[in-house]
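Q: Here it is: the structure, laid out below.
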Amino acid sequence: MDPVGGTAGYRGPAEVRARAPGKIILAGEHAVVHGSAAVAAAIDLYTRSSLLLRPTGEGGGADFGAVELYLRDSRLTFSWPCSRLRGALGEEIGANPGAPAPCSPDQLAAIAWLLEDQEIPEAKIWLSAGLSAFLFLYTSILGCRPGKAEVTSDLPMGAGLGSSAAFCVSMSGALLTAAGAVSVGASRGAEGWEVLEKADLELVNQWAFQGEKIIHGKPSGIDNSVSTFGKMIKFKKGELTNLESRNPVKMLITDTRVGRNTKALVAGVSERASRHPDAMASVFHAVNSISEELSSIVELAAEDEIAITSKEDKLAELMEMNQGLLQCMGVSHSSIETVLRTTLKYSLVSKLTGAGGGGCVLTLIPTLSANIVLEKVTTELESHGYRCFKVEVGGRGLQVFRG
Ligand SMILES: Nc1ncnc2c1ncn2[C@@H]1O[C@H](COP(=O)(O)OP(=O)(O)O)[C@@H](O)[C@H]1O
Ligand SMILES: C[C@@](O)(CCOP(=O)(O)O)CC(=O)O
Ligand SMILES: [Mg+2]
């Protein structure tokens, strides 16, 4: 299996592209890290990765050339000569796309060293987590074959919409496709995008999870799973259940633009749990019940206006309860509280989504609510400097395109 060169020489052109969606969490963030159920859905905002492998050197020497990453949105290019990668990673380098394994402490130290001479602007230092995940995924899946990757995203970074997972899933999808480690897709859409076979999606998901670990520290796996498989899912202790959402769920997303970092917030909740184990176990247990109930409600088919309203009232109440418990975990923020108060003035219920501490807030938009209400609440939220957008919920997961 060597479709892209390596010691067998270059057989290009071999550009591959992959796109993976962001997500919203309807219930259960943070608690899911501690074993509770959570409900998440893919949204129609994507991270796109492309990968073009370069010819290897005379005689197939992989030390020729470089591994490059271009982050199109920030117009930043990073480059590592293959010889330097090999020198730093030494024995740690070994293309083994079929066997996802965690980043070892030695690998992580070598990656940190490889980032030192890259000129990451001080204002974008948070990119280093993404760059570390990239170097880990690239070298683990392709070794140090020369190539150029490019990434662009619709998702705000560090805002709770799963940009880290979408980055890891789209990059793993592109790398594994280039490595020939995933087979031809189960279905090819009109524009040439393919959905991979289930077993191949599982492989992408496992690699993306290893990448998420570098960015998040202790991820539950919900974000990479929903980005890989799409739709709406219930997720508990690594087990994924697809949910059939019988009625459309309309959500307004408000990005408070308050930056935060998932790794620090997840660690903060774990510290609180170790200070107050019994109280926090009860909080996580309550969240589990909320997610279980919410997942059964979304699967109910509501046929008439009364049934739809009653279903949405229950969803709203559960979201409100979940928000209260997220406050108990210490992950709300004054900007989030402002969004909650503002939407409540219009009788709309909101909760934070993702890690909290700023970032994005979800507002349930009842099917029968008048457009004027949505316009008014959006105008008021935007007057605070927040950014509002509506998203389609429950769409496709990872798709790949072979050039
Ligand atoms: N397109 C991207 N390019 C580079 N790094 C990215 C990209 N998307 C996400 N990341 C990495 O993921 C981090 C954000 O992840 P996180 O704190 O989990 O927030 P979220 O996943 O909610 O957006 C960024 O700081 C960056 O390191
Ligand atoms: C807080 C958490 O539940 C979700 C984090 O999502 P995000 O990175 O804020 O988009 C962490 C996790 O499940 O890994
Ligand atoms: Mg994340």
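Q: Among Pro146, Ile365, Met251, pick out the residue whose Cα is farthest towards the positive end of the charge dipole of the chain, where Lys and Arg carry +1 and Asp and Glu carry -1 on C-beta, about the Cα centre.
A: Highest projection toward the positive end goes to Pro146.
Q: Right, next: Among the GluC sites (Glu not before Pro) within region 170-232, which fall in a DSSP loop and have no more than 11 other Cβ atoms within 10 Å of their own Cβ?
A: Listed in order of number, the matching sites are Glu191.
Q: What's the Cα-based Rg to Rh of region 245-393, Rh via Kirkwood?
A: 0.98
Q: Pick from Val258, Val226, Val349: which residue has the top mean-square fluctuation in a GNM of the chain where Cα pairs under 10 Å get a spring?
A: Among Val258, Val226, Val349, the largest mean-square fluctuation in the Gaussian network model of the chain belongs to Val258.
Q: Another question, then. Please get the size of the charge dipole for region 245-393, origin at its Cα centre, with Cβ charges of +1 on Lys and Arg and -1 on Asp and Glu, quoted in debye to the nearest 20.
A: 640
Q: Turning to a different aspect of this structure: Scattering from the C-alpha atoms of region 240-280 alone, worked out with Debye: what is log10 I(q)/I(0) at q = 0.20, 0.27, 0.31, 0.33 1/Å?
A: Log-scaled intensity ratios, in q order: -0.83, -0.87, -1.02, -1.09.
Q: Something else now. Lysine pairs, Cα distance under 21 Å, 8 or more residues apart or cross-chain: how many in region 245-393?
A: Step by step, the pairs that qualify in region 245-393 add up to 16.
Q: Okay, next question. Take the Cβ-Cβ distance between Glu116 and Lys376 as r, set R0 to 51 Å, and report the resulting FRET efficiency rounded to the nearest 0.05.
A: 0.50
Q: Mind checking the dipole of the chain: about its Cα centre, +1 per Lys or Arg Cβ, -1 per Asp or Glu Cβ, Debye to the nearest 20?
A: Computed about the Cα centre, the dipole is about 300 debye.
Q: All other residues with a Cβ under 15 Å from the Cβ of Asn242 taken together, and with Lys, Arg as +1 and Asp, Glu as -1, what is their net charge?
A: Net charge in that neighbourhood comes out at +3.
Q: Something else now. Please name which of Ala355, Phe284, Val298 has its Cα lying farthest along the dipole of region 245-393 towards the positive end, using unit charges on Cβ (Lys, Arg +1; Asp, Glu -1) and the Cα centre as origin.
A: Result: Ala355, furthest along the dipole toward the positive end.
Q: Further, regarding this structure: Once R0 is set to 22 Å, what does the formula 1/(1 + (r/R0)^6) return for the Cβ-Cβ distance between Asn96 and Lys198, expressed as a FRET efficiency to the nearest 0.05?
A: 0.55
Q: Next question. What would the Debye formula give as log10 I(q)/I(0) at q = 0.13 Å⁻¹ for the alpha-carbon point model of the chain, no solvent?
A: -1.06
Q: Mind putting a number on the dipole of region 92-226 about its Cα centre? Charges go on the C-beta only, +1 for Lys and Arg and -1 for Asp and Glu, and I need it in Debye to the nearest 20.
A: Computed charge dipole of region 92-226: roughly 200 debye.
Q: I want the local charge near Ser289. Using Cβ-Cβ distances under 15 Å, sum +1 for each Lys or Arg and -1 for each Asp or Glu among the other residues.
A: -1
Q: Please find, in a Gaussian network model of the chain (springs between Cα atoms separated by less than 10 Å), the residue of Gly158, Gly87, Gly221 whose mean-square fluctuation is greatest.
A: Gly87
Q: What GluC sites (Glu not before Pro) does region 49-151 have in DSSP loop regions with at most 12 other beta carbons within 10 Å?
A: For GluC sites (Glu not before Pro) across region 49-151 that sit outside H, G, I, E and B with at most 12 neighbouring Cβ atoms in 10 Å, the list reads Glu119.
Q: Can you give the extra length, in nm with one decimal, that the chain gains between Ala301 and Ile125 once fully stretched, where that is 0.36 nm per residue apart less the Cα-Cα distance?
A: Between Ala301 and Ile125, full extension yields 58.7 nm more.
Q: Taking the number of other C-beta atoms within 10 Å as the exposure measure, put Met319, Met157 in order starting with the fewest.
A: So the residues, fewest neighbours to most, are Met157, Met319.
Q: Right, here's the next one. Can you list the lysines whose alpha carbon is less than 19 Å from that of Lys198, not counting same-chain residues fewer than 8 positions off?
A: Lys231, Lys234
Q: With loop defined by DSSP as not H, G, I, E or B, and exposure as at most 16 other Cβ atoms within 10 Å, which is the longest segment of the chain clear of exposed trypsin sites (Lys or Arg not before Pro)?
A: Of all site-free stretches, the longest is 76-236.
All of the numbers you see were taken from the coordinates with simple rules; none came from a lab. None of these values were measured; they are calculated from a predicted model. Note: ideal-geometry Cβ built from the backbone for every residue, glycine included; neighbour counts use all protein chains shown.
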